[in-house]
1. Any residue that is within 21 Å of Lys9 (Cα to Cα), under 17 Å from the mean Cα position of the chain (by Cα) and surrounded by 15 or more Cβ atoms within 10 Å (Cβ to Cβ) - is there at least one of those in segment 204-216?
2. Considering segment 190-203 alone, what residues qualify as being touching a residue at least 60 places away in the same chain (Cβ under 8 Å) and within 26 Å of Ile8 (Cβ to Cβ)?
3. Only one of these conditions is not met by Asp46: (1) of a type outside the set (Gly, Ala, Ser); (2) touching a Phe, Trp or Tyr at 6+ places or on another chain (Cβ under 7 Å); (3) without any contact (Cβ under 8 Å) to a residue 60 or more places away in the chain. Which number is it?
4. Just name the residue that is most open to solvent (accessible area, probe 1.4 Å) out of those in segment 89-117 that are charged (D, E, K, R) and part of a loop (DSSP other than H, G, I, E, B).
5. Regarding Asp186, is this residue in contact (Cβ under 8 Å) with a residue 24 or more places away in the chain, in a helix (DSSP H, G or I) and touching a strand residue (DSSP E or B) at 6+ places or on another chain (Cβ under 9 Å)?
Amino acid sequence: MKKRIGKIKKLTRYPVKSMAGISMDEAMLGWHGLDGDRRYGVRQLDKPSDFPWLTASRMPKLLMYKPTEFDENLLPAKVQSPSGDLLDITGNELRAEIGKQFGHEVELMSLKHGIFDDAAISIIAAATAAHVCRKAEVSVDNRRFRANIEVRCDEPIPFTEDNWVGGVLSFGDADDAPAVHVTKRDIRCKMISLDPDTVEHNPMVLRTAVELNDNNAGVYGTVIRTGKLQVGDAIYMTP
């Protein structure tokens, strides 16, 4: 039996993996996550592996690059660098700048179905993100957790997302509302310890997540029903 657990507080897509996110009032949830989410990534050309993507865990300054000038498919034409320059996303200038800072050759690569770590959708309760930040004694900034869907729960209990694993979350009141099967908890890494604006590293944030909830904060899910999401939509959980 489904039960209301809260509502959508915030929707965010990340056009380029590990770069700044874009907040939205509404978004289309497709079979491969939110439209326009993580459709580009920075590939390390000298790293032959199953995961060749450069992330902010290895180059924190990536968080300060901001995709912009989006087309009808929500794909960015340019990226604003930390210095304020607008660079073509597929141009040599952006590639060279990131490569120089990272110390290895890279390229910006587009994948039609996105570039994800574990699943196409990430979800976190606002209470969880706030609890970790407060316990770590940093300003509450939920951008640290880079979730696609932030939930304002009716019962704001930190780490309540753990109880959603194995269940289905549906968004909206319609019988055919978009829905996600919650598959696993979100194991956290160094990225939550990076300030999204300054990339200052505070290891207490990750350490706090480890101490409070075995290094888990939020959940991953796979899409089982597509449709439009809107901030303020009611969220229901079916065990």
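The values are calculated or read from the model by the stated rules, or taken from the named source; none is laboratory data. Just so we're clear, the structure is a prediction, and the values are computed from it rather than from any experiment. Cβ: placed from backbone, ideal geometry, glycine included. Neighbour counts: every protein chain shown. SASA here: full protein model, heavy atoms, side chains in, ligands and nucleic acids out. Shrake-Rupley method; radii C 1.70, N 1.55, O 1.52, S 1.80 Å.
1. yes
2. Residues satisfying the conditions are Met191, Ile192, Leu194, Pro196, Asp197.
3. (2)
4. Among those residues, the one meeting the criterion is Lys112.
5. When the stated conditions are applied, Asp186 does not pass them.
So that you can scan it fast, the table gives a plain yes or no per residue for (1) out of contact with any Leu (no Cβ under 7 Å at 6 or more places or on another chain); (2) open to solvent by less than 10 Å² (accessible area, probe 1.4 Å):
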position	(1), (2)
Lys10	yes, no
Ile22	yes, no
Asp25	yes, no
Gly33	yes, yes
Val42	no, yes
Leu45	yes, no
Val79	no, yes
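Residues are listed down the side, and each one gets a yes or a no for (1) at negative phi; (2) among the acidic types (Asp, Glu); (3) without any contact (Cβ under 8 Å) to a residue 12 or more places away in the chain:
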position: Lys100; (1), (2), (3): yes, no, yes
position: Arg134; (1), (2), (3): yes, no, yes
position: Val138; (1), (2), (3): yes, no, no
position: Asn142; (1), (2), (3): yes, no, no
position: Arg146; (1), (2), (3): no, no, no
position: Cys153; (1), (2), (3): yes, no, no
position: Ile157; (1), (2), (3): yes, no, no
position: Gly172; (1), (2), (3): no, no, no
